[in-house]
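What follows is a single structure, written as structure tokens, with notes after it.
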Amino acid sequence: MRRERARRLRYKVCGWLTGSALVGWAFWWSQVDLAALVRSGPRWRDFFTRMVPPDWSVTGVVLRSTVETLMIALAGTALAVVLALPLGFLAASNVTPAWIAQPVKWLLGFIRSIPLILVAFVCVMAVGLGPFPGMLAIAFHSLGMLGKFYAEEFETADPGIVAAIEGTGASWAQTVRYGVVPQSVPQIFSFTVYRLEMNFRDSAVLGLVGAGGIGYYIQLYMRSFRFERVVVLVVVVVVVVTLLDQLTFWVRRWAR
């Protein structure tokens, strides 16, 4: 017993030391310079000073671009859900054989590994400027993450319930419909709404490559040093993200 405890303690100490060393290496590799941060104080002060007072004359433009960004995020998320659900089933090892599930997991991992900004740039080159390439980029990038979430949630289904349904002579489709899906629906709703919130923030960045939405005006006002207009954009984004966060909370309560 003592040897087992000592062995576990050694593993924990080694784990903490290794993790601390990696974090320290990450800070060193990032070239952290506290002196430079202190010297940058006047520049930070100048930046925030030029944001006051906000220029509310652009509120109409900001609201229209915010609605466009929200629609890009909503359409992209909806398309991703339609594609991610079947892929999530195929990637779940308790639903499909390993020779199917594992390649699908690799495919979803490959999709997740491609940076969103690169996907958006390629979509803009393919179909032109505007919200459509932004929607395609959001859908593609969300597909990899939602497919992973869905597959993991399907795999956490209680095997006892699934076995009981199979014991009644139910088919594979019936087993999935009545044994796996009902257990997964609450978390699937939660994951999807959370992803919608993330997609709104991501969509705000896509305008930097010409994919429409609020990001276009962010880069436009930043390049012209109109920081008093940038702050209006920031306020609107914060409000929308807060509302989406509250929506996530309501959906979780409703799904339970």
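The values are calculated or read from the model by the stated rules, or taken from the named source; none is laboratory data. Because the structure is a prediction, the values reported are computed rather than measured. Cβ coordinates were reconstructed from backbone atoms using ideal geometry, including for glycine residues, and neighbour counts include every protein chain displayed.
The single condition among (1) in contact (Cβ under 8 Å) with a residue 12 or more places away in the chain; (2) surrounded by 10 or more Cβ atoms within 10 Å (Cβ to Cβ); (3) not in a helix (DSSP H, G or I) that residue 58 does not meet is (3). Being surrounded by fewer than 16 Cβ atoms within 10 Å (Cβ to Cβ), hydrophobic (A, V, I, L, M, F, W, C), modelled with pLDDT under 85 and on the phi < 0 side of the Ramachandran plot is not true of residue 120.
Any residue in the range 26-36 that is outside any helix (DSSP H, G or I), charged (D, E, K, R), surrounded by 10 or more Cβ atoms within 10 Å (Cβ to Cβ) and under 31 Å from the mean Cα position of the chain (by Cα)? Yes, that holds for at least one residue.
Looking at 197, 228, 155, just one residue is surrounded by 14 or more Cβ atoms within 10 Å (Cβ to Cβ), at pLDDT 70 or above and closer than 18 Å to residue 87 by Cα, and that residue is 155. Only one of the listed residues (96, 77) is in contact with a Leu (Cβ under 7 Å, 6 or more places away or on another chain) and not in a helix (DSSP H, G or I). That residue is 96.
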